[in-house]
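S.K.: Take this structure first; my questions come after.
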Amino acid sequence: MPDKNIISENVKTAYSSFYEKDDKGWRLLGAKYKAQRIIEVSKGHTFNNVLEVGAGDGSILKLLSESNFAREYSAVEISESGVGRIKALQISNLKSIQVFDGYHLPFGDDEFDLVILSHVLEHVEHERILLRELRRVAKMCLIEVPKDYRYGVDKRIKHFLAYGHINMYTPTSLRYLLLTEGFTIAKDLPSMITPDVSRFYKKKSLFAGLKISAEYAIKQLLCAIGGKKTTERFANSYTVLCGKQAEAPKLF
């Protein structure tokens, strides 16, 4: 069981008031597509109870609840302000919401049919410790990360650190991480940022909007021709639905 004090104090401070910032429109837009991908990757599966780890402001759970994704929901979040936001949403069938220490999940083994970890792993200092807790409490896990790793990334360290992205993944590197922690890959989905998301913080010029739409259409065409390998190349996020191996591999 992870040490409850393992999370750094500076990380706690950084996220303690994160959701007090007025950025609701951006989070809702992102949550819409994250929820859609969760539903798409989970097709064919039925979940009675779902836990979201690092639930943020609760936008994803709210949308999943409105879509009748599961019968019952729970959430843990490192940020006090995030917990406050989640409570304010009054999500239907939300059983529990609580602050957690970033690693230790106060639940029993296999307590949840599904645990969701959406755009959290890239922020985590000790990613394998958190993944072991997810594997312990969940029958299945759904993990999504941004695909930040690409050419020139080493010159943009300050940019990514400003978002708290301390880990970077490709679809291959995430699969390797999950497989070496005792997960199996049930289904995966590489996806690109849609034009409305790309335009959110851009200047509202006609030319900029047309350029974003054209680039998206070209990439979609190339992905249709090139298949999964090309889609993973152009992807901005990667979503994986995981089962569990009978025993986790021994790393050493």
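The values are calculated or read from the model by the stated rules, or taken from the named source; none is laboratory data. The structure presented is a predicted model; accordingly, all values stated were derived computationally and were not measured. Note that each Cβ is placed from the backbone with ideal geometry, even for glycine, and that neighbours are counted across all protein chains shown.
S.K.: Just a yes or no: is a residue in the range 82-94 in contact (Cβ under 8 Å) with a residue 24 or more places away in the chain and assigned to a strand (DSSP E or B)?
M.R.: yes
S.K.: Take the residues of the range 204-234 that are among the aromatic types (Phe, Trp, Tyr) and either modelled with pLDDT of 90 or more or crowded, with 18+ Cβ neighbours inside 10 Å (or both): which is farthest from residue 136 (Cα to Cα)? Reasoning before the result, please.
M.R.: First, pick out the residues of the range 204-234 that are among the aromatic types (Phe, Trp, Tyr): 207, 216, 234.
Restricting the remaining residues to those that are either modelled with pLDDT of 90 or more or crowded, with 18+ Cβ neighbours inside 10 Å (or both) gives 216, 234.
Working: 216: 39, 234: 33 Å.
By that ranking, first place goes to 216.
S.K.: Additional query: What number of residues within the range 41-78 are over 16 Å from the mean Cα position of the chain (by Cα) and either assigned to a loop (DSSP other than H, G, I, E, B) or of a type in the set (Asp, Glu) (or both)?
M.R.: Qualifying residue count, the range 41-78: 9.
S.K.: While we're here: Do you know which residues across the range 235-252 are surrounded by 18 or more Cβ atoms within 10 Å (Cβ to Cβ) and either assigned to a strand (DSSP E or B) or of a type in the set (D, E, K, R) (or both)?
M.R.: 237, 238, 239, 240, 241, 242, 244
S.K.: For the range 80-122, which positions are within 21 Å of residue 188 (Cα to Cα) and not acidic (Asp, Glu)? Break it down into steps so the answer makes sense when it comes.
M.R.: Just the residues of the range 80-122 that are within 21 Å of residue 188 (Cα to Cα), to begin with: 112-122.
Result: 112, 114, 115, 116, 117, 118, 119, 120, 121.
S.K.: Looking at 31, 35, 75, 70, which is the one that is crowded, with 19+ Cβ neighbours inside 10 Å, modelled with pLDDT of 95 or more and more than 21 Å from residue 110 (Cβ to Cβ)? First the steps, then the outcome.
M.R.: Details: 31 fails: modelled with pLDDT of 95 or more; 75 fails: more than 21 Å from residue 110 (Cβ to Cβ); 70 fails: more than 21 Å from residue 110 (Cβ to Cβ).
Just a single option satisfies the conditions, and that option is 35.
S.K.: Among the residues of the range 111-123, is any surrounded by fewer than 17 Cβ atoms within 10 Å (Cβ to Cβ) and more than 24 Å from residue 65 (Cα to Cα)? Give the derivation first.
M.R.: Within the range 111-123, the first condition is being surrounded by fewer than 17 Cβ atoms within 10 Å (Cβ to Cβ), and the residues that meet it are 111.
In the following step, the residues that additionally are more than 24 Å from residue 65 (Cα to Cα) were identified as none.
No, the range 111-123 contains no residue that is surrounded by fewer than 17 Cβ atoms within 10 Å (Cβ to Cβ) and more than 24 Å from residue 65 (Cα to Cα).
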